[in-house]
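I have placed the structure first, in the form of structure tokens, so that the comments after it can refer back to it.
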Amino acid sequence: MSDQIPEKMQAVICHGPEDYRLEEVAVPRPGPGEALVRVEAVGICASDLKCYHGAAKFWGDENRPAWAETMVIPGHEFVGKVVALDEAAAGRWDIAVGDRVVSEQIVPCWECRYCKRGEYHMCAPHDLYGFKRRTPGAMASYMVYPAEALVHKVSPDIPAHHAAFTEPLSCSLHAVERARISFEDVVVVAGCGPIGLGMVAGARAKNPMHVIALDMATEKLELAARCGADRVINIAEEDPVEIIRDLTDGYGADVYLEGTGHPSAVPQGLNLLRKLGRYVEYGVFGSDVTVDWSIISDDKELDVLGAHLGPYCWPAAIRMIESGVLPMDDICSHQLPLADFQKGLDLVAKGTESVKVSLIPQ
């Protein structure tokens with residue numbers, strides 16, 4: 001270990017829903033095949049917020065056990081610089097001390113059925129950084145990338161909070177891949193937050209007939225246009241179903257990508273789609289959603305697809321960010337010191353004043 005690495009560091013610790021505390025803890029020590037990384041930036045995700053507020057998906061209910069664990073450092077979208085590693089880690093990941101690196105948000109077991117089939121994002125134990133004690137997250141000065149992690153280098157020439165956006169962008173691109181977009185498609189993206197903006201950019205890269213973005217915030221719709229939407233609709237002022245029917249000779253959209261996590265976006269999508277259309281759900285919901293399933297079956301015979309994490313999309317996300325094609329300065333709207341984590345969570349909760357909020361450890 002280098003003499004420059006301190007013994008103690010500041011870290012946010014999850015003690016349970018709505019009980020996150022800034023504490024002084026020991027700097028972690030990397031084991032065999034692992035890397036110690038100094039965190040440069042960590043984004044706050046909508047799922048971080050839902051976990052903070054105690055959503056059943058994380059803390060369990062009568063239908064499911066708790067998945068999240070207490071006494072864990074949160075944060076799963078991050079970037080950092082390598083400060084210590086052994087030959088095994090350097091050789092496996094082709095990285096060296098001083099490299100800027102991101103790690104995919106899931107640390108697979110590589111032993112379960114899903115991992116052995118290459119479906120590592122569905123790994124059965126499902127250890128994500130920031131939610132499990134095995135995989136502490138990045139709301140701290142330092143973190144360890146375990147030997148099982150997936151690690152990618154990122155250019156040192158872009159701001160750290162831009163590089164940390166690789167995680168949400170990879171998720172957006174995976175949702176786009178699930179949609180199997182073709183040149184003639186009319187694609188609708190619901191929500192122009194970080195995930196929705198990435199969906200717009202990813203859909204545009206597939207070069208369909210139209211990419212249409214929906215939101216209720218004018219400034220976010222303007223960002224969506226800069227990310228590649230050729231039509232934006234403020235659903236507080238206009239009826240998207242009517243506009244899209246007019247645009248498609250009455251048929252409806254071919255593809256609907258849901259990136260809001262708001263219950264009303266689900267029936268909106270089912271109504272917007274043409275018969276035999278494709279619905280991709282990425283949103284994480286804080287409560288149950290009820291829809292008329294006969295629209296999916298008898299009325300339209302829709303393909304309804306889920307999307308989770310960003311498997312095999314990280315290199316593409318990194319290239320997209322490094323290329324400068326995205327308005328990253330406006331997407332990454334707020335950077336706060338780690339000590340202001342509560343202010344960051346509150347900003348994300350409001351939803352109207354920020355797009356992507358990042359914490360910058362000192």
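Brief remarks on what is shown
- Filter result (within 30 Å of S333 (Cα to Cα) and either among the polar types (S, T, N, Q) or surrounded by fewer than 18 Cβ atoms within 10 Å (Cβ to Cβ) (or both)) within segment 9-37: Q10, H15, G16, P17, E18, D19, R21, L22, E23, E24, V25
- Those residues of segment 317-348 which are among the small types (G, A, S), open to solvent by 40 Å² or more (accessible area, probe 1.4 Å) and not in a loop (DSSP other than H, G, I, E, B), in sequence order: S323, A339
- Whichever residue in segment 265-289 is at pLDDT 95 or above and among the polar types (S, T, N, Q) and, among such residues, is least open to solvent (accessible area, probe 1.4 Å): Q268
- D330, sole failed condition from (1) in contact with a Phe, Trp or Tyr (Cβ under 9 Å, 6 or more places away or on another chain); (2) closer than 14 Å to H162 by Cα: (1)
- Any hit, segment 344-357, residues being in contact (Cβ under 8 Å) with a residue 60 or more places away in the chain, in contact with a strand residue (DSSP E or B) (Cβ under 7 Å, 6 or more places away or on another chain), among the charged types (D, E, K, R) and closer than 16 Å to F165 by Cβ: yes
- Residue match in segment 93-106 (condition: out of contact with any strand residue (DSSP E or B) (no Cβ under 8 Å at 6 or more places or on another chain) and surrounded by 15 or more Cβ atoms within 10 Å (Cβ to Cβ)): no
- Restricting segment 120-166 to residues that are open to solvent by less than 20 Å² (accessible area, probe 1.4 Å), assigned to a helix (DSSP H, G or I) and in contact with a Phe, Trp or Tyr (Cβ under 8 Å, 6 or more places away or on another chain), the residue that is nearest to V357 (Cα to Cα): T166
- On inspection, K8 does not qualify as closer than 22 Å to A124 by Cα, in contact with a strand residue (DSSP E or B) (Cβ under 9 Å, 6 or more places away or on another chain) and among the basic types (K, R).
- For L173, the conditions (1) of a type in the set (A, V, I, L, M, F, W, C); (2) within 26 Å of D288 (Cβ to Cβ); (3) open to solvent by 10 Å² or more (accessible area, probe 1.4 Å); (4) assigned to a helix (DSSP H, G or I) are fulfilled apart from (2).
- Which listed residue, of D19, D3, D61, is acidic (D, E) and modelled with pLDDT of 95 or more: D19
- Failed item in (1) more than 21 Å from the chain's Cα centre (by Cα); (2) closer than 18 Å to K206 by Cβ; (3) of a type in the set (G, A, S), with G310 passing the rest: (1)
The values are calculated or read from the model by the stated rules, or taken from the named source; none is laboratory data. On a predicted model such as this, the values are computed, not experimentally measured, just so you know. Note that each Cβ is placed from the backbone with ideal geometry, even for glycine, and that neighbours are counted across all protein chains shown. Please note that ligands, DNA and RNA were not included when accessible areas were found on the heavy atoms of the full protein model with its side chains. Shrake-Rupley method; radii C 1.70, N 1.55, O 1.52, S 1.80 Å.
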